[in-house]
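Chemist: There's a structure below that I have some questions on.
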Amino acid sequence: PKASPARARGDESRLLGVRLTHPDRILFPEQGLTKRDLAQFYEAIQDWILPRLARRPLSLVRCPQGRTSECFFQKHPRVAIPASVPRIDIAEASGTSEYLYIESASDLVALVQAGALEIHPWGSRIEDVERPDNLVFDLDPAPGVAWQEILRVAGTLRERLASLGLGAFVRTTGGKGLHVVVPIVPSATWDDAKAFTKAVAQQHAQADPRRLTVNMAKSKREGRIFIDYLRNGRGATAVASYSVRAREDAPVCVPVRWDELNAALRSDRYTTENLKRRLAALRGDPWAGYEDAARPLETELLRAVGLV
Ligand code: ATP
Ligand code: MN
Ligand code: MN
């Protein structure tokens, strides 16, 4: 279908050729943000979100009645997802399963039509789902951990990765913590990616055991930052850069420059309301050089962290 401007027609409208039902349904009550508003948000930021999100298997957080009603984490497409959104079959333990991926702004609108409030891609692309092209260190602070601590740990993790020859990029999640993302050449397996990130996370935690842990147990996490490396297993996901979050005030996961990390930033600093102003004021991609920074996860690197 041809792209067309959003035009109301009773209880539905169209945006980028996608039919939006209940366009005036309020998805985020705090701002009165409607389904149409969210679809138009993604239309407006499409050039920022699409290049690094397109052609990756996706999971979704769907909240069809809005973020204060029932939400569920969904890995496989169901009838509610418009048929226009492309799918890929991926091998799983018992047979194959279907996953969604997107290629266009119309597909983003179609996800909104399905009530998707968060988009969570795999760290690999559909061309080769078995070879991740990025690693994610998900810094999860326990309640009460100071923001300055999170900033400091992100910075020292960046230094550790640099000493291994790896470039690192940082983003606010729209929640409580930060993600440190490392682009890699898609050559190693998921098992290697997970083993490598686990070893790096362990070394980092061992250097500062009072403040850091890689142990999932709640008791071990108390007062500490949990370095969640489990985003790097096959089938695991992390929220997409520029995805909205199904949390109060419609915060957005936002890539930032390292020199923007300061006390005023906060993980939920940017929302669907203020993000456009940030993007308009930027002089370039805060993650400039991301693709060029990718290195292969070679045996040498695995050896450097005590593996093989
Ligand atoms: P925060 O900064 O608040 O931690 P976050 O996005 O990192 O925000 P986490 O709870 O640490 O939130 O989750 C990390 C990732 O785990 C999510 O981005 C998501 O991709 C994945 N995830 C979250 N919930 C589920 C779930 N129910 N099932 C599977 N994976 C999930
Ligand atoms: Mn997290
Ligand atoms: Mn986590």
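Bear in mind these aren't lab numbers, they're just calculated from the coordinates by the rules spelled out. On a predicted model such as this, the values are computed, not experimentally measured, just so you know. Here the Cβ positions follow ideal geometry from the backbone for every residue, glycine too, while neighbour counts run over all protein chains shown.
Chemist: So what's the back-of-envelope 222 nm ellipticity for the chain, counting only DSSP H runs of four-plus at -39500 (n - 2.57) apiece and dividing by all residues, rounded to 500?
Modeler: -7500 deg cm²/dmol
Chemist: Just list whichever of Lys194/Lys218; Lys35/Lys194; Lys176/Lys198; Lys176/Lys276; Lys75/Lys218 have alpha carbons separated by over 28 Å in the model shown.
Modeler: Pairs exceeding the cut-off: Lys35/Lys194.
Chemist: Over the C-alpha atoms of the range 158-308, what are the Rg and the largest Cα-to-Cα span, Dmax, in Å?
Modeler: When restricted to the Cα atoms of the range 158-308, Rg and Dmax are 16.3, 48 Å.
Chemist: To one decimal place, what Kirkwood hydrodynamic radius in Å is obtained for the range 1-121 from all pairs of distinct Cα atoms? Numbers along the way, then the final one.
Modeler: On the way: mean 1/r = 0.0681 Å⁻¹.
Its Kirkwood hydrodynamic radius stands at 14.7 Å.
Chemist: How do the peptides 272-285, 224-237 rank, highest first, by the average count of neighbouring beta carbon atoms within 10 Å per residue? Present the calculation step by step, with values, prior to reporting the outcome.
Modeler: Details: 272-285: 12.6, 224-237: 20.9.
With the highest mean Cβ count within 10 Å placed first, the list reads 224-237, 272-285.
Chemist: Counting pairs of alpha carbon atoms under 8 Å apart in space and at least six apart in sequence, what relative contact order in percent does the chain give?
Modeler: Numbers: 623 pairs, mean separation 54.2, N = 308.
For the chain, the relative contact order is 18 percent.
Chemist: Could I ask something else about it? What percentage of all Cα-Cα pairs in the range 183-263 are separated by more than 15 Å?
Modeler: Details: 2281 of 3240 pairs.
Summing the P(r) of the range 183-263 above 15 Å gives 70 percent of all pairs.
Chemist: Here's another thing I want to ask about it. Report the residue, chosen from Ala114, Ala288, Ala93, that carries the largest GNM mean-square fluctuation when the chain is represented by alpha-carbon nodes joined by springs under 10 Å.
Modeler: Answer for the Gaussian network model of the chain: Ala93.
Chemist: Give me the Kirkwood hydrodynamic radius of the chain in Å, from all C-alpha pairs, to one decimal place? Provide the component values of the computation, followed by the final result.
Modeler: On the way: mean 1/r = 0.0497 Å⁻¹.
Across the chain, the inverse of the average 1/r is 20.1 Å.
Chemist: Between Thr96 and Asp249, how high is the FRET efficiency from 1/(1 + (r/R0)^6) when r is the Cβ-Cβ distance and R₀ = 30 Å? Nearest 0.05.
Modeler: 0.15
Chemist: Apply the Karplus parameterisation 6.51 cos²θ - 1.76 cosθ + 1.60, with θ equal to phi minus 60°, to every residue of the range 255-260 and state each ³J(HN,Hα) to the nearest whole Hz, in sequence, with x for glycine and proline.
Modeler: Whole-Hz 3J(HN,Hα) from phi for the range 255-260: x, 10, 7, 4, 6, 8.
Chemist: Let me ask another. Return the FRET efficiency for the residue pair Asp11, Arg303: r is the Cβ-Cβ distance, R0 is 45 Å, and the value is rounded to the nearest 0.05.
Modeler: Approximately 0.15, to the nearest 0.05.
Chemist: Further question on the same structure: Which FRET efficiency value, to the nearest 0.05, do you get for Asp89 and Ala142 by plugging their Cβ-Cβ distance into 1/(1 + (r/R0)^6) with R0 = 35 Å? Each step should come with its number before you reach the end.
Modeler: Details: r = 39 Å, r/R0 = 1.13.
Working from the Cβ atoms, E equals 0.35.
Chemist: Follow-up question, since we're still on this one. Identify unpaired cysteines across the chain, taking unpaired to mean no other cysteine Cβ lies under 4.7 Å from the residue's Cβ.
Modeler: Among the cysteines of the chain, those whose Cβ sits 4.7 Å or more from every other are Cys253.
Chemist: A follow-up question, please. 7 Å from Cα along Cα→Cβ at both Glu273 and Glu30: what's the point-to-point distance in nm?
Modeler: My value for the distance between the label points is 0.9 nm.
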